[in-house]
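Worksheet: one structure, shown below.
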């Protein structure tokens, strides 16, 4: 039973380019969460998605960031026109249940470096 | 507003010694509490969790944690650390109805010979 998959593991972008981060949840999980970890800091919640729905995006920056979880395929976190401050580790987590906190299983993360 | 505090940013412990990592939370109802460990360059691995019931919970790798409602704490302990326990440890609260986690800032554990 494969765990949460994220790719790429490392991504380098120049300022102004777009970054696309992908997350495949564990089999049977239909809830996906994205977190960002800045250097020397803990994880900060960004967005919570179910299939084809954004449930809570209260942690997403207002501009340049978007997320989706289509009916088929992985969840995508998209960052347009990246800036150096976007350099961070981005973690995806999945859980099987709705309606309350449950154990979240984390992927290995994507480490984004903006030059 | 809910919050999670890990007072110790950095802890150094000798191999074989005991370890205790502190976690305090602020939340109006009974929270769902978790401890995760992150090795360098890796993702987060769940050590243990508390939802309800026995306030002393056992986890993997010989870790345990105790929920103390009166102190709003969920401290992590291990009786005898191994060099492989060197990592960063995060306490998390799952208190939102949608399951959004709030993480502490983490405690970096260094194990010396």
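Yes or no, residue by residue, for (1) modelled with pLDDT of 95 or more; (2) surrounded by fewer than 19 Cβ atoms within 10 Å (Cβ to Cβ); (3) touching a helix residue (DSSP H, G or I) at 6+ places or on another chain (Cβ under 7 Å):
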site	(1), (2), (3)
B:57	yes, no, no
B:66	yes, yes, no
B:70	no, yes, no
B:75	yes, yes, no
B:78	yes, no, yes
B:94	no, no, no
B:98	no, yes, no
**OP:** Count, please, the residues in the stretch B:10-42 that happen to be within 28 Å of residue A:6 (Cα to Cα) and surrounded by fewer than 20 Cβ atoms within 10 Å (Cβ to Cβ).
**Re:** 4
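Listed here are the residues, each with its yes/no results for (1) more than 8 Å from chain B (Cβ to nearest Cβ); (2) crowded, with 19+ Cβ neighbours inside 10 Å; (3) modelled with pLDDT of 90 or more.
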| residue | (1), (2), (3) |
| --- | --- |
| A:45 | no, yes, yes |
| A:49 | yes, yes, yes |
| A:53 | yes, no, yes |
| A:63 | yes, no, yes |
| A:68 | yes, no, yes |
| A:83 | yes, no, yes |
| A:106 | no, yes, yes |
| A:109 | no, yes, yes |
**OP:** Kindly establish whether residue A:58 is within 14 Å of the chain's Cα centre (by Cα), within 19 Å of residue B:101 (Cβ to Cβ) and not in a strand (DSSP E or B).
**Re:** yes
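Scan the strands (runs of 3 or more DSSP E) fully inside the stretch B:47-97 and keep the ones with 3 or more residues being under 23 Å from residue B:9 (Cβ atoms) and in contact (Cβ under 8 Å) with a residue 12 or more places away in the chain. So that I can check it myself, show each step before the final result.
Details: elements: B:56-58, B:64-68, B:73-78, B:87-94.
Output list reads B:64-68, B:73-78, B:87-94.
The values are calculated or read from the model by the stated rules, or taken from the named source; none is laboratory data. These figures come from a predicted structure and were not determined experimentally. Cβ atoms come from the backbone with ideal geometry, glycine included; neighbour counts cover every protein chain shown.
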